[in-house]
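Engineer: Could you have a look at this structure, given as structure tokens, before my questions?
Bear in mind that the values in this text are calculations on the coordinates, not laboratory data. Quick caveat: nothing in here was measured; it's all calculated off a predicted structure. Positions of Cβ are backbone-derived with ideal geometry, glycine not excepted, and every protein chain shown enters the neighbour counts.
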């Protein structure tokens with residue numbers, strides 16, 4: 001990294017560097033120069049003595065020749081210093097960076113790459129001091145586009161979660177040691193902290209005597225742990241050996257375990273709809289210092305929240321379609337209750353994406369007319385059909401977790417126009433998160449006689 005240090009009163013200027021290395025891309029026609037854009041969010045850094053913060057400046061381009069960004073650092077004088085990769089060119093208070101060479105254009109000529117910028121508070125910068133960083137993105141023939149990012153200096157502790165894991169190859173019956181790691185990115189020590197976790201349904205976390213446990217509305221396990229101690233600026237702390245997590249029979253599909261670290265004195269209130277209770281345990285959750293204090297916080301460490309993503313737990317499960325057989329005479333209105341049942345043991349879980357699960361399709365038998373239907377069902381394609389050509393109805397899922405042993409059923413009112421028509425059917429809408437272990441029972445008939 002090349003560091004740029006500024007003094008107050010420096011005059012702003014922008015230098016366009018000719019011949020700078022750039023990502024390869026198709027030549028742009030004069031009537032289609034393409035475009036170049038970028039984004040650098042607002043930045044908060046700890047006061048003098050805190051580790052630096054690495055922030056990505058994201059460059060996007062499409063069909064542009066020599067896409068790049070020029071940064072004018074004069075607005076940071078006395079507030080913060082910035083360091084850039086060696087492939088950027090610095091002249092005074094102006095820095096020009098090409099599109100990173102790793103950002104290979106795709107077939108359409110579009111490319112995206114990140115320029116890592118490291119910020120430190122300037123010596124003597126006061127708590128609350130702010131500065132602006134102007135940056136302009138452009139190519140050889142594109143119009144320049146200038147934006148600003150605000151850099152703010154804060155004094156005090158600043159706890160960040162360092163976990164951002166993607167894990168493949170775990171399955172039901174395994175025990176996974178989830179990493180737990182935090183760092184204080186501020187300039188002052190943090191005294192005592194709280195770690196909170198959410199384990200989705202099917203994941204069973206270990207018990208610690210300084211943690212409390214509860215179940216939320218989506219049947220996930222919430223854990224709140226009070227960890228005593230002093231956490232020095234820049235020092236990484238970890239849970240030795242990780243947080244043991246068992247994958248129970250209900251585990252199915254992709255899961256994300258969330259974790260958040262906060263100073264205990266200013267921690268947000270715990271969810272009011274979750275009843276937290278302590279568990280008997282032989283051990284306490286303790287965080288140990290690891291390695292030397294960090295000079296710079298890595299680019300992937302951005303906030304107090306982190307997580308572990310467990311990819312595609314195979315799990316076993318069986319969704320069974322529940323049809324109906326009803327009787328009546330022509331002119332009668334009969335009720336048909338249809339839906340799905342999960343015989344388990346796996347539980348389809350939509351909390352990761354925020355979706356509901358258990359949706360299905362219902363096609364009435366030929367010879368009936370739907371005269372009343374549930375509010376969460378509607379014709380698939382906005383055509384209610386006729387007795388001779390019934391439309392298929394879509395019934396939305398009602399829950400975010402489809403537990404083993406539970407059903408999702410609804411009741412339709414059907415007027416019999418004539419008897420002896422072809423049977424209707426019910427089947428799942430999609431096969432989430434995959435085709436189940438017994439697809440032969442995924443479709444069930446609906447018969448009126």
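Engineer: Rounded, prolate or oblate for region 319-448? Axes are the square roots of the Cα gyration tensor eigenvalues, ordered a ≥ b ≥ c, and the cut-off for rounded is a/c under 1.5.
Structural biologist: It comes out prolate by the Cα gyration axes.
Engineer: Here is a follow-up. Describe numerically, in nm with one decimal, the distance between label points set 7 Å from Cα along Cα→Cβ at residue 254 and at residue 175.
Structural biologist: Here the answer is 2.8 nm between the modelled labels.
Engineer: Name the most mobile residue of 149, 108, 400, meaning the one with the largest mean-square fluctuation, in a Gaussian network model of the chain with Cα contacts below 10 Å.
Structural biologist: Result: 108 has the largest fluctuation of those listed.
Engineer: Dividing the alpha-carbon radius of gyration of region 284-373 by 2.2 N^0.38 Å (N being the number of residues), what value is obtained?
Structural biologist: Against the compact-globule rule of thumb, the ratio is 2.11.
Engineer: Okay, moving on. In 10 Å bins starting at zero, report the fraction of Cα pairs in region 74-137 per bin as a rounded %.
Structural biologist: Going out from 0 Å in 10 Å bins, region 74-137 shows 18, 42, 26, 11, 3 percent.
Engineer: Between 243, 317, 380, find the one with the highest GNM mean-square fluctuation for the chain; connect C-alpha pairs within less than 10 Å.
Structural biologist: In this elastic network of the chain, the residue with the biggest mean-square fluctuation among 243, 317, 380 is 380.
Engineer: For the chain, taking Cα atoms only, what is the radius of gyration to one decimal and the Dmax to the nearest whole Å?
Structural biologist: Cα only, the chain: 29.4, 92 Å (Rg, Dmax).
Engineer: When the chain is treated as a GNM, springs tying every alpha-carbon pair under 10 Å, which of 305, 241, 344 comes out with the largest mean-square fluctuation?
Structural biologist: Comparing 305, 241, 344 in the GNM, the peak value goes to 241.
Engineer: For region 129-182, what class follows from the C-alpha gyration tensor (a ≥ b ≥ c being the square roots of its eigenvalues): rounded when a/c is under 1.5, otherwise prolate if a/b is larger than b/c, else oblate?
Structural biologist: Oblate, because a/c is 1.5 or more while a/b does not exceed b/c.
Engineer: By count of other Cβ within 10 Å, fewest leading, how are 282, 106 ordered?
Structural biologist: Sorted ascending by nearby Cβ count, the order is 282, 106.
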